[in-house]
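Novice: There's a structure below that I have some questions on.
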Amino acid sequence: MLTSADVKKAAREFGADLCGIASMDRFEGAPKQQDPRYIFPDAKACIVLAFRIPRGYFRGIEEGTYFGAYASMGYGSLNQVYMPIVLRDLCCFIEDYGFEGAPVPNIYSGSSVSFVTQKHTPERSRAVRPDLPNPDILVDMRIAAFAAGLGEIGYSKMLLTPEFGPAQRIVALLTDAPLEPDPLFSGKICDRCLRCATECSGKAICATQTESITVAGRKIEWGKLDVIKCSVAYRGGDPQYNPFLQPTVKEEDYKDQYSGGQALDKAITYGHDYGHKPALEGARGCIRACLAHLEETGKLTKKFENRFRRGKPWRLASYDAGPERQAPAPGVAALTNVE
Ligand code: SF4
């Protein structure tokens, strides 16, 4: 008989850092286009795996000198390579017990829910039967992780775990194996310090307005997120925080487009990895500021010998004078601690 303990042990051996299990009734009330029960109607459990983003992946961005580790290894290859390999191993492990393992990777190429509006976009695909949602269903990984007891949703709308705070990525696996679910997380991690909002380069997280939903009978609330601002910031759309952004581009040419559109693409001298536009902002507010805060307040069980943040975060000095863009002078140290 396959047990939850067997699945968790296998998941960790295959390479996941955390594993939690949700019963399918915890998705009751999910929007039809985001309800995983439509992917596998016979599923009895949703297994959620979290993979830490090692703190050192942020070191180069934190210092302002090396952006490649987070952009490729902390984002693209984790989503596109490493996590799917572990998911496959776990699917095979479960199927060797005679149950089906249906993976839900962290890949949204065919999603029928717009990342921009968070609304259903029926023009992208057609439902194969009138009673079904349009493919592809968009499973909200953070909500699935909450439902599986891995942690809480912080003010930033990031999953916060007691082990790694906001620094992990998530995948899910649906199975008809009757696995015992984990209890919902009962601790308290987010203290509403709002550093995620104030240090986000895109000001994408509203510090005054919140949104909320109820999952498994528990109310979850977060700061209202502007997805366009978030997507532009993620690319490094703020010239103060992206040394690869060419000073010839004007912010008004890209600031209202998802991910900055082609204008921002052309203005950034950095290649794409694994189909991902490079995350050059390095999650300045929602991960780095939050991680620094949670470490400083002793909230995380994962301890380090030295602090993550050793001084004030950098900002490009060449933009101190005002919003007018100027090219950094050749040979002049362009990074400074000003905040
Ligand atoms: S930075 Fe502060 S308010 Fe934001 S999610 Fe982290 S703990 Fe919560």
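Every number here is computed from the coordinates shown, using simple stated rules; none is lab data. Keep in mind that what you see is a predicted model, and the values were worked out from it rather than measured. Don't worry about glycine lacking a Cβ; one is built from the backbone with ideal geometry, like all the others, and counts go over all protein chains shown.
Novice: Under 5 Å between amide hydrogens, which residues at least 5 positions from SER201 or on another chain qualify, with H placed 1.01 Å from N in the peptide plane?
Specialist: ARG284, GLY285
Novice: Just rank ILE21, ILE189, fewest to most, by other beta-carbon atoms within 10 angstrom.
Specialist: Working: ILE21 24, ILE189 20.
Ascending number of Cβ neighbours within 10 Å: ILE189, ILE21.
Novice: May I ask which residue of TYR234, GLY261, PRO247 lies farthest towards the positive end of the charge dipole of segment 219-262, with charges of +1 (Lys, Arg) and -1 (Asp, Glu) on Cβ and the Cα centre as origin?
Specialist: TYR234
Novice: Explain nothing, just the number: dipole magnitude of the chain about its Cα centre with +1 on each Lys and Arg Cβ and -1 on each Asp and Glu Cβ, in debye rounded to the nearest 20.
Specialist: So the magnitude is around 700 debye.
Novice: Right, another one. Please list, ordered by chain and number, the residues whose modelled amide H lies under 5 Å from the amide H of THR210; skip anything fewer than 5 residues away on the same chain.
Specialist: LYS224
Novice: Between ARG192, ARG315, ARG126, where does the largest GNM mean-square fluctuation fall for the chain, given springs only between Cα atoms within less than 10 Å?
Specialist: Fluctuation is largest for ARG126.
Novice: Treat every Asp and Glu Cβ in segment 139-251 as -1 and every Lys and Arg Cβ as +1, leave all other atoms uncharged, and give the resulting dipole magnitude about the Cα centre to the nearest 20 debye. Before the final figure, lay out the partial values.
Specialist: Working: 13 positive and 13 negative charges, 85 e Å.
The dipole of segment 139-251 has a size of about 400 debye.
Novice: What are the ³J(HN,Hα) values, in whole Hz, obtained from phi via the Karplus relation 6.51 cos²θ - 1.76 cosθ + 1.60 with θ = phi - 60°, for each residue of segment 172-182 in sequence order, with x given for Gly and Pro?
Specialist: With the stated coefficients, segment 172-182 comes to 9, 9, 9, 9, 8, 5, x, 8, 5, x, 7 Hz.
Novice: May I pose another question? Using θ = phi - 60° and the Karplus relation 6.51 cos²θ - 1.76 cosθ + 1.60, list the HN-Hα couplings for segment 279-292 in order, rounded to whole Hz, with x at every Gly or Pro.
Specialist: Using θ = phi - 60°, the values come out as 7, 6, 6, x, 6, 4, x, 5, 10, 5, 5, 5, 4, 4 Hz.
Novice: Calculate how steeply helix 83-95 sits against the longest principal axis of the alpha-carbon atoms of the chain, using the helix alpha-carbon long axis, and give the answer as 0 to 90 degrees to the nearest 10.
Specialist: 10
Novice: Check the straight Cα-Cα distances from LYS303 and name the lysines below 29 Å, setting aside those fewer than 8 residues away within the same chain.
Specialist: LYS8, LYS9, LYS157, LYS188, LYS312
Novice: Roughly what % of Cα-Cα distances in segment 174-258 sit above 22 Å, to the whole percent?
Specialist: When every Cα pair of segment 174-258 is considered, 48 percent fall beyond 22 Å.
Novice: Could I have the simple spin-label model distance between GLU123 and LYS203, label points 7 Å from Cα toward Cβ, reported in nm to one decimal?
Specialist: Using points 7 Å along Cα→Cβ, the separation is 3.1 nm.
Novice: Which whole-Hz ³J(HN,Hα) couplings does segment 137-145 yield from phi under the Karplus relation 6.51 cos²θ - 1.76 cosθ + 1.60, θ = phi - 60°, glycine and proline marked x?
Specialist: Per-residue couplings from phi come out as 5, 9, 7, 7, 5, 5, 5, 4, 5 Hz.
Novice: Could you pull out every one of the aspartates and glutamates with an alpha carbon less than 20 Å from that of LYS219, ignoring same-chain neighbours closer than 8 positions?
Specialist: Hits, sequence-local ones excluded: ASP25, GLU28, ASP35, ASP140, GLU152, ASP182, ASP191, GLU211.
Novice: Give the shape of segment 51-154 as rounded, prolate or oblate, defined through the alpha-carbon gyration tensor: a ≥ b ≥ c are the square roots of its eigenvalues, a/c under 1.5 means rounded, and otherwise the shape is prolate if a/b is larger than b/c and oblate if not.
Specialist: It is oblate, given that a/c is not under 1.5 and a/b is not larger than b/c.
Novice: What is the calculated FRET efficiency for CYS193 to ARG309, with r their C-beta to C-beta distance and R₀ = 22 Å, to the nearest 0.05?
Specialist: 0.95
Novice: Would you mind ranking TYR70, TYR108 by Cβ crowding within 10 Å, fewest neighbours first?
Specialist: Details: TYR70 27, TYR108 14.
The fewest-first ordering by Cβ neighbours comes to TYR108, TYR70.
Novice: What is the dipole size for segment 1-79, taken about its Cα centre, with +1 at each Lys and Arg Cβ and -1 at each Asp and Glu Cβ, in debye to the nearest 20?
Specialist: 80
Novice: Defining a contact as two alpha carbons under 8 Å apart and six or more residues distant in sequence, what relative contact order in percent does segment 1-110 show?
Specialist: Once normalised by length, the contact order is 27 percent.
Novice: Here's something else I'd like to know. Residues with amide H under 5 Å of GLU100's amide H, sequence separation 5 or more or different chain, H placed in the peptide plane at 1.01 Å from N; which?
Specialist: ASP176, ALA177
Novice: How big is the chain by Rg and Dmax over its Cα atoms, in Å?
Specialist: Rg, Dmax (Cα atoms, Å): 20.6, 67.
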